Structures are given as C-alpha cells and as structure tokens.
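Please read the structure below before turning to the comments.
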Amino acid sequence: MISLNNKSQSMSINVIIVAVLALIVLVVLAAIFTGRIKIFSETLESCSSKQGQCQTGLICPENSVKVKAKCPETDEDKNQGKNMCCVQVIE
C-alpha cells in the first residue's frame, strides 16, 4: 500500500512563501538605503504632481488655493519672494 505524507509537501510550500516574503523585505530595505525611495518621495512632493502651478509673491490667483508643495527655485525667485504652489479650485 502506498502511503502519502502530505505534511512534507505543505512544509516545503511554507518555506517557499517565507523565503519570498523575506526577499521582498530585503528588496525594500535595499531600496531605502540606496536612496531610491527619496526619488519617489520628491516626485510626490512636487507642485506639478498636485496639479498646481508655482507662483511668486504672497497671494494665489483667483479661484486657487495655496498648498504645501516644492517648487523649483531660480535666482530670480530668490530675489522676488517665496515660491508657492497654487492649485485651482474646482467649482
């Protein structure tokens, strides 16, 4: 009579699942320590990713609000005032 041992097969599947999860964690940690996550976060913080426009001065144009976002600075912007991101409000 042939006896099938199902426990040995399920253990190997569990080992494979744990190994895959460990590999994913290592890839994420490697990305964090090599600075790849920084590139991603900088993209999310930009004014263009928030559908806004960078403005100089203290007041946004009509039908727009000021949001916290990064605008690229030029020499002209440093002399004229702060850069701010203005996003148009949908009515």
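Where a number appears in this text, it was derived from the coordinates with a stated rule and is not lab data. Computed from a predicted model, the values in this text were never measured in an experiment. FYI the Cβ positions are ideal-geometry reconstructions off the backbone, even for glycines, and counts take in every protein chain you see.
Taking 0.36 nm per residue of sequence separation and removing the Cα-Cα distance, the Lys68/Leu44 pair yields an extension gain of 7.5 nm. Each Lys or Arg adds one and each Asp or Glu subtracts one; over the other residues with Cβ under 9 Å from the Cβ of Cys85, this totals +4. Residues Glu62, Glu45, arranged from fewest to most other Cβ atoms within 10 angstrom of their Cβ, appear as Glu62, Glu45.
Residues whose amide H comes within less than 5 Å of that of Lys70, counting only those at least five positions distant or on another chain, are Ser46, Cys47 (H built at 1.01 Å from N in the peptide plane). Remark: the Val20-Ile59 segment gains 8.9 nm on full extension, using 0.36 nm per residue and subtracting the alpha carbon distance.
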